Every structure is written in C-alpha cells, then in structure tokens.
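Data block below; observations after.
What follows is calculated from the coordinates using simple rules that are stated; it is not laboratory data. This is a predicted model, so every value here is computed, not measured. When we count neighbours, we look across all protein chains shown, and the Cβ atoms used for this are built from the backbone with ideal geometry, even at glycine.
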C-alpha cells in the first residue's frame, strides 16, 4: 500500500499475545483511516452497552494515511474506545511524534483488548513486539515513565529514537478524566481514555521504527504539501500568531468577542484578561517554540515558571487550558495556570475536564451549596493554590478528590444541582460560550464524543474571520454549516492531520496530498461522504449504547440565562430552532436516529 502501511497490531493483554493482521483495502476506501477506521473497528468488535472499564472494552490507537508522510500537520493519531466518562464513543486526538513512529515501525494502528493480570508496557521495535513488566513504572508520572523506559535502552541512539505514550497515576487509579500522554506533553485527553488504558493494566507503549512510509508519487506529494502550506500562510494573522504564541493568541480575541467561559460560564468576559493573555505569557514564561513531526507551524510553546509558588517547566498552556483553568476558575495568574497545566500532563489528567470540574465546585461553593469542610480547601473563584493542591487529591482519589475524579457532572449531580455543570453528555464544555456563537450550541449538543468544539471548528468563522463572514447571533443557516464542518473534521481526523489546519485550509487542499500519497483519486464530495459515513457510524454506536435525542442538549444556563454583558449581552442559545433542521439535513428521524435509507446510502447496512 501507499500512504497506509496495511497492517494492524492486535494485542490481547489477557493472554499476553500479539499478532499482525492485514488491513482490508475496502475499509480504507470507506473510512480512510484514523478516526474513521478506529470507529468502524470499535463498532464491529465492541458491544455498545459494554462496561467501559471492563476487559471487554477495547482501546484502539490509529493513524491516518497522511500520518508520518511529511504532510503539513501529518503527525496526528487517534485513540478510540467507549468512554467511562460519557458512556458514548470516545475519539481523542493528539499529535507529536508517537503516531508517525508507529507508522515507521510498520503499523497503521494497534487494537488493545482484554486486561493484563499485572502491569505491563508494550514495546515495539519494527517487527519485534513484546509485553514487558511495568511494575517498576506503576505509580510514576508520565514524564518519569518516559525517562525510565529510555534509560533502559542499552544503545543511547535507540533510546533517543524511541517514542512513548503513557498514562500517569490518574489513569492507573481509573480517574474518569484521565488522559494518555505522548512526548511528555501531547495529550489524548478527552473522554477518560486514560482510565480505559489503566483498566487494562497497560502503563505505556514504546515504539521505534526504521521503515519508511511508501508514497505513490513523491514529487507530486512534495509539491502538494508546499501548496497547502502556502495556502495556510495566506490566512490573516493565523500563521504568525500561532508561531509566536501558539493558540494562546485566542485569549484576547475570545474575550473581546464576549464568549470566554469566565467564572464557570456565568459571563463571557473577564477583567484583567491581560494578565493571562498570550502576549503576557510570551513576555514572562515563554522560552522557545517547537513543532510536531513535519509541521512548520511550530505552535507549541515551551515555558518555565520561576515563581517559587508555582515553580515548574513544560509545554503550554494553550488557549483551552488558559480559558478553562484560568478564566473559568477565575484565576488571573499565568504562572499558576501554567503550573496546573504541567501537573495535569505529568499526572495524566485532562486539563479541560479538570478545570470544568473545579469551576463547577467553585460555583457550588459560591452558592453555599458546599463548604470548605467538604472540599478541604477554600474553593473560591481565583484561589489558584487550592486548584494546585487538588490535583494530587484527584489523582489519588483522596477526600474531595474522589468525587472530582468522576468528573464535573457527577459532582453537580451529587449535590442535586446539575445546572451548575457546564457540559454535554457528562463531559465539560469547551472554552467558548455558545450564547455568542449560536452554531456552536448545535455543534456541542450533537457531538458524538461527549462535547467538543474541535469536532466541527465552527468558531473559525466569526471569531477568526475565516471562510467568510456570518452573523454568530442568528440561527439561520447554522444547521447545514454544522453538518459541513462535522463531516469535514472527521475527514481531517481520519487522514491523520492536525485539526489546527482547519484554521487555514479545507478539504480541497487535502485532496492533492492524499492522492499523491495513496495513488487514489478523491473528490471533495467523496471525502465529505466519507466524513458523513463516519459521523453516522459514531451516532449509531451511541444510539445502541442508549443515547437519544434528549441527550442532544446543552446546559440550561446557555439555553435560559441571557448573557449578562459583552457583545452577546442578552443572548441565549436557541438550540430548539436549529436541532430539528439539523436532524432533517442529516437524514435522521425527529428523534435523532439515522434512518435505514440514510444508513443504506452510506453503505452502513
């Protein structure tokens, strides 16, 4: 094969066995790779009603045909499973170097099934695949785990060329907001995928490959990559902003647009925003910029905090962490936000879900529903020291950390105030308030993997001025736009491309790279059809798992409480005006279930 390797590694952790399977070309035709292929395999092999933390659930790592090829942003891989946090299908994406290295070792993906009797890690060096004891790694941070595995390599060059993904103590303790971390800071963070890995007693996967990814036409491929990069660079502001301060350039823009998730989404703007802006981060803690494999954007910010109260170093924080750890928790100290972000990476926690749960707890405290006696710390908005302290308690499931480890939804439900949890399908909301971007409300409500703005990237329109101007405060035309972006994002995830590329290029720029890499002809309509097939397959999994149209909603605050200030003042999200049209455009019933005709047209029956 070209682009794809054509092989999947299946690991039965119960038996301690591994085998290599051929990847059917027909599946590539229908699902492309990455997210699409992994979702298809999960759908075929896992009962949607399975207990997520049981051995019967499977954890699937999958690359796309452009992963590791040298395509701009071609560093992506996905982790797909049934989520212990939401109960829905989970698709968590990340970049770095692990995904490309898996391709270089000769595998498009890994299917992990069963449960090891003892802690193990998976070692892959081309055709040599072993399950090794991880008893000495259990309890270690993700950073320490990587360092120990590399130190055990006799040859320092082999150690340097080995790339590792692992869980921290949070995943080991089945914390339902646990992440999987590769390259120390790249996180497959959402939906509790780290807890599933921990439930299987799998600490890490270490991979080193010496093979090449075959391309159908190398010269055409290089030309197509160059054209895609040139197109991306023409996007106003984006390339320079990303390279200078990463996604943190959004902080001021989102605040000015009035859709920042300030104080648990109680308002859309934050005072003293300059204290946590990307510009302030660059002036104070930023050291260097770096990029993922084959990516010229270099949006990763390496930072170091010298403040003794929050001493540490690592990567980030990105916009999402600044918004959900900072603004949502009322913290206006960039040093503190960075420290919390570092700890989340080291311990293997989804920083977004952690920030969401803490912000919920802070509002419950503000409303005098819970007290310091229950939390053990003073959880008032802005108390950064308390947020730092609680990381360890969540990881160890100690005290108030036990309930926080279950996520913000369970916290709010425990105190009979679900209205203070800002999330969808039990997962904390992304860092944009849909009262000021109507289409985002529909995107949040219908997201298959809990809630995610990145499964549609509708925020690129009004806020960033990309792909034309639209009125974010009206509902007209938003249903077809949401569908378009949802299907398009599925294509990017399946091709093996970083979602940030959606800030500057679209499917028409991806087609030449795919064709030159695989030797297969594509059209924009054909790729959108693949994206729609993937979206419907994921939806069908969720329907079989017990989800219904009643789950396609967003927090009552966003539906009923008018935005109190800023450009979106007086606005609520009019989801009820968009959802019926969306179902109709999707070819689903009024209850949000794909019809037989729709499934047949997409070759899903």
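A few points about this structure:
- Cut-off 17 Å, label 7 Å out along Cα→Cβ of residue 371, residues of segment 399-426 by amide N: 400, 415
- The helix-only estimate of mean residue ellipticity at 222 nm for the chain, built from DSSP H runs of length n ≥ 4 each weighted as -39500 (n - 2.57), is -11000 deg cm²/dmol after division by the residue total.
- Nearest-0.05 FRET efficiency for residue 302 and residue 219, computed from C-beta distance (R0 41 Å): 0.75
- Taking the centroid of alpha carbons for each part, segment 338-356 and segment 437-451 are 23 Å apart.
- Calculated P(r) tail over 26 Å for segment 245-424, as whole % of Cα pairs: 27
- Potential extension, residue 227-residue 154 segment - 0.36 nm per residue separation minus Cα distance: 22.0 nm
- Extension gain, residue 50 back to residue 584 (0.36 nm per residue minus Cα-Cα distance, nm): 189.2 nm
- C-alpha center-to-center spacing [segment 51-92, segment 523-545] in angstrom: 16
- With R₀ fixed at 22 Å, the C-beta to C-beta distance from residue 237 to residue 474 puts the FRET efficiency at about 0.30.
- With R₀ fixed at 22 Å, the C-beta to C-beta distance from residue 272 to residue 569 puts the FRET efficiency at about 0.65.
- The chain - percent relative contact order, Cα under 8 Å, separation 6 or more: 17
- Multiplying the residue separation of residue 561 and residue 414 by 0.36 nm and removing their Cα-Cα distance gives an extension gain of 50.6 nm.
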